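S.K.: Sharing a structure here in structure tokens format.
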């Protein structure tokens with residue numbers, strides 16, 4: 001259900017939804033953090049203009065050939081700056097800005113040489129969000145800087161009024177001749193009798209800064225989201241693709257479940273059931289021979305006992321293949337550690353799961369890791385494997401890294417496929433398995449290794465882990 005919830009949030013929330021409900025803003029944030037963030041944003045706006053100038057300069061050098069080397073780097077700096085602004089908007093303003101970039105196809109990302117570099121450059125330039133990033137960096141010096149200056153200056157201007165009121169005489173004796181709003185700060189003049197008006201005016205600016213500062217910072221976050229968030233058309237396209245993906249993965253889930261039921265039925269019919277039938281026949285024969293041929297009856301009883309032990313073992317293996325007891329009792333972390341102990345490779349497992357996951361997600365992640373370890377052992381020619389599991393921001397991430405020969409492909413169905421459930425296995429099977437939960441898989445496997453497979457599944461923790 002998490003996939004449908006994400007789709008609903010995207011449709012309802014647009015590109016920038018404030019996270020959570022109203023948050024109580026403390027006095028320290030009003031009087032200290034908001035002005036400091038305003039000054040920081042003013043400085044950052046200057047940096048954004050410099051990044052814009054860098055991209056323009058790199059583009060102007062294309063005719064000389066130097067631009068082909070500098071432009072990819074400058075666009076990477078632009079994207080990094082924009083991503084930092086998105087994260088900052090979430091932390092400082094509570095404005096969530098989804099990743100709006102088009103994914104680069106895997107074959108382009110893995111392409112090497114000058115041709116690969118040019119293909120990646122064209123893919124990045126053809127992404128409309130790159131141009132929106134550029135527009136944001138060009139305009140942020142004026143729009144973002146102006147917004148930030150309000151948060152940065154209100155409180156200071158209020159403090160300045162108190163400084164003028166307290167040190168009026170020394171300042172005017174030194175020749176100061178200035179205006180503080182409508183108050184004329186001078187040694188003499190028609191409005192010099194308004195000296196004490198600087199205090200209430202300064203207090204008014206202090207109050208305005210304390211209340212308006214956080215709101216101005218949030219306004220800056222919304223300005224950032226206006227250009228750095230996905231457009232309405234992009235959100236609609238992404239939503240359509242996601243619905244189609246969810247429909248496909250749900251159909252895969254139904255097919256996989258039906259195939260799994262057929263496999264269980266076949267294993268029971270050909271394994272445990274056949275042994276139980278043979279055991280019953282042996283017991284019947286032993287009963288008939290017990291009086292006349294006790295030795296033959298004893299041999300049949302021994303055979304029946306061995307058959308019962310084998311049937312029990314097969315049933316336990318069948319149950320373990322459906323849902324391992326260690327997974328139900330100890331959770332995903334310990335279940336993966338048990339897989340590591342059973343693997344013929346040297347497997348290091350790192351777990352950072354502060355609670356239990358939903359049982360269905362735990363099962364999918366467990367069998368995905370099991371399949372990854374099987375693939376590595378059979379095909380990668382690896383010696384060492386590292387499994388990392390952690391949960392952050394409502395997502396389970398599993399990373400499997402091996403020191404094998406590499407060359408794995410995300411869409412491939414390898415020799416492990418079709419081991420009896422009829423649904424295929426290997427990397428393609430893993431992708432279908434986690435796709436049921438709106439999960440994604442990324443594979444980085446250059447020829448010669450190492451291979452890194454990353455799985456990410458949206459899910460929530462169901463409770464704190466017992467000590």
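The values are calculated or read from the model by the stated rules, or taken from the named source; none is laboratory data. Quick caveat: nothing in here was measured; it's all calculated off a predicted structure. Cβ atoms come from the backbone with ideal geometry, glycine included; neighbour counts cover every protein chain shown.
S.K.: Just checking, does region 406-419 include any residue being under 27 Å from residue 357 (Cα atoms), within 17 Å of the chain's Cα centre (by Cα), at pLDDT below 80 and in the same structural domain as residue 339 (by TED's automatic domain parsing)?
M.R.: No - not one qualifying residue is present in region 406-419.
S.K.: Looking at region 339-363 only, could you name the residues that are buried (at least 17 other Cβ atoms within 10 Å of the Cβ) and either outside the structural domain of residue 395 (by TED's automatic domain parsing) or out of contact with any strand residue (DSSP E or B) (no Cβ under 7 Å at 6 or more places or on another chain) (or both)?
M.R.: 339, 358, 362, 363
S.K.: Could you tell me which of the residues 224, 249 is surrounded by 16 or more Cβ atoms within 10 Å (Cβ to Cβ) and at pLDDT below 75? Write out each step before concluding.
M.R.: On the way: 224 fails: at pLDDT below 75.
Answer to the selection: 249.
S.K.: Applying the selection to region 196-214, what residues are surrounded by 15 or more Cβ atoms within 10 Å (Cβ to Cβ) and without any contact (Cβ under 8 Å) to a residue 12 or more places away in the chain?
M.R.: The answer is none; no residue qualifies.
S.K.: Against the condition modelled with pLDDT under 90, under 24 Å from residue 228 (Cα atoms) and surrounded by 13 or more Cβ atoms within 10 Å (Cβ to Cβ), how does residue 7 come out, does it pass?
M.R.: Criteria met by residue 7.
For every residue, the table says whether it meets (1) closer than 20 Å to residue 233 by Cβ; (2) at pLDDT 85 or above.
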residue: 65; (1), (2): no, no
residue: 76; (1), (2): no, yes
residue: 86; (1), (2): yes, yes
residue: 97; (1), (2): yes, yes
residue: 111; (1), (2): no, no
residue: 116; (1), (2): no, no
residue: 130; (1), (2): yes, yes
residue: 142; (1), (2): no, yes
residue: 146; (1), (2): no, yes
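S.K.: Quick one: in region 369-394, of everything that is over 15 Å from residue 338 (Cβ atoms) and in a strand (DSSP E or B), which residue is farthest from the chain's Cα centre (by Cα)?
M.R.: Checking each candidate, the answer is 384.
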